[in-house]
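Below is one structure, written out as structure tokens; comments come after it.
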Amino acid sequence: MPDSRETLTIKAFVTGYPVKHSRSPLIHGHWLRQFKIDGSYEAVAIEPASLPDFMNGLRSGTNGFVGGNVTIPHKESAYRLADRPDDLAQELGAVNTLWLEDGQIHATNTDGFGFLANLDAYHKGWDRTDKAVIFGAGGASRAVVQALRNRGVREINVLNRTVSKAQELRDRFGSNIFAHSVAALGEVSAGAGLFVNTTSLGMDGSEAPFIDFSKLASGAVVTDIVYVPLKTPILKMAEEQGFSTVDGLGMLLHQARPGFEKWFGKKPDVDEELRSLIIADMDVHA
Ligand code: ATR
């Protein structure tokens with residue numbers, strides 16, 4: 001006789017290539033235990049060429065998943081392969097969360113939600129500012145720019161080493177976005193209430209150039225989407241210059257919430273226990 005518990009287990013996944021580094025199984029595993037849900041969340045490495053087959057298996061139900069997360073390098077391809085990307089995903093052209101509904105693959109991107117929820121949790125009132133400075137114009141920057149515009153920040157200045165990529169963001173997200181070279185920092189940061197690093201500078205112990213935050217509004221907050229190390233060189237510089245900071249770990253934790261709710265039917269919270277669990281893992285797998 002088949003084990004009836006096995007047939008009831010709700011299965012979700014994270015896929016990337018490679019995917020070993022993903023901390024999503026730790027996050028969802030914590031919530032599954034917290035809610036005592038008979039479910040699983042597993043990392044599945046899929047080569048880019050095999051993603052269409054994997055998505056077909058998801059759609060037909062043959063791989064047994066109700067949905068999952070996609071990470072690098074699949075975010076754009078999964079967007080193209082999904083049947084029902086939502087409005088956010090269509091504007092971004094990239095997704096990180098998939099779920100099955102009526103035989104169709106629905107898709108969204110929760111990175112922007114995670115970014116805002118992290119700031120809301122650690123620096124309530126940050127969104128009273130009219131002006132933000134975003135350093136970097138890569139994939140992560142897109143979701144941040146979209147989220148800030150949707151929250152109503154009126155002037156979003158994107159600085160990037162390759163200015164044409166900042167201009168692409170302006171073309172994509174509209175007239176509240178202004179593209180600049182990195183050299184414009186002093187000028188464009190005047191009076192800004194939020195500075196966001198979305199570049200990889202400072203990640204995993206790498207160096208970051210000195211950034212002068214002195215023109216930011218007093219009371220401005222500086223945040224970094226890099227979370228390894230937790231206190232990045234850019235956050236350290238901001239602190240030394242007297243600004244409040246918010247680290248990037250919360251963005252990772254909060255972006256996971258909508259997916260968990262879709263697949264497992266419960267609204268999870270980000271608590272200190274979860275944060276500590278991930279920090280402990282960062283200490284082991286730096
Ligand atoms: P992600 O998806 O994490 O955003 P990405 O798309 O590769 O990654 O983008 C990396 C960002 O970091 C880009 O804005 C990149 O600048 P370029 O567009 O000019 O490449 C920025 N970046 C990476 N290394 C950098 C460096 N040494 N100096 C300045 N910017 C850097």
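The values are calculated or read from the model by the stated rules, or taken from the named source; none is laboratory data. The structure presented is a predicted model; accordingly, all values stated were derived computationally and were not measured. Glycine also receives a Cβ, built like all others from the backbone with ideal geometry; neighbour counts cover every protein chain displayed.
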Pairs where the first residue, in region 231-247, is assigned by TED's automatic domain parsing to the domain that holds G205 and the second is of a type in the set (D, E, K, R) and in a helix (DSSP H, G or I), C-beta under 9 Å, 6+ apart: K231/E239; T245/K236; T245/E239
Residue identified as on the phi < 0 side of the Ramachandran plot and under 18 Å from the mean Cα position of the chain (by Cα) among L185, L194: L194
Top-ranked residue of region 183-199 - restricted to ones that are polar (S, T, N, Q) and touching a residue at least 60 places away in the same chain (Cβ under 8 Å), ranked as nearest to the ligand (Cβ to nearest atom): T199
From M237, M203, residue being hydrophobic (A, V, I, L, M, F, W, C) and modelled with pLDDT under 95: M203
Residue match in region 133-149 (condition: outside the structural domain of G265 (by TED's automatic domain parsing) and more than 16 Å from the ligand (Cβ to nearest atom)): yes
Residues that are more than 22 Å from the chain's Cα centre (by Cα) and within 12 Å of the ligand (Cβ to nearest atom), drawn from region 200-247: E207, P209, I211
Scan of region 150-164 for residues that are buried (at least 16 other Cβ atoms within 10 Å of the Cβ) and farther than 22 Å from S218 by Cα, ordered by number: N160, V163
Residue under evaluation I105, criteria (1) more than 17 Å from P258 (Cα to Cα); (2) in contact (Cβ under 8 Å) with a residue 40 or more places away in the chain, criterion not met: (1)
Listing of strands (runs of 3 or more DSSP E) fully contained in region 1-103 that carry 1 or more residues being surrounded by fewer than 17 Cβ atoms within 10 Å (Cβ to Cβ), in contact with a Lys or Arg (Cβ under 8 Å, 6 or more places away or on another chain) and not assigned by TED's automatic domain parsing to the domain that holds R149: 39-45, 97-101
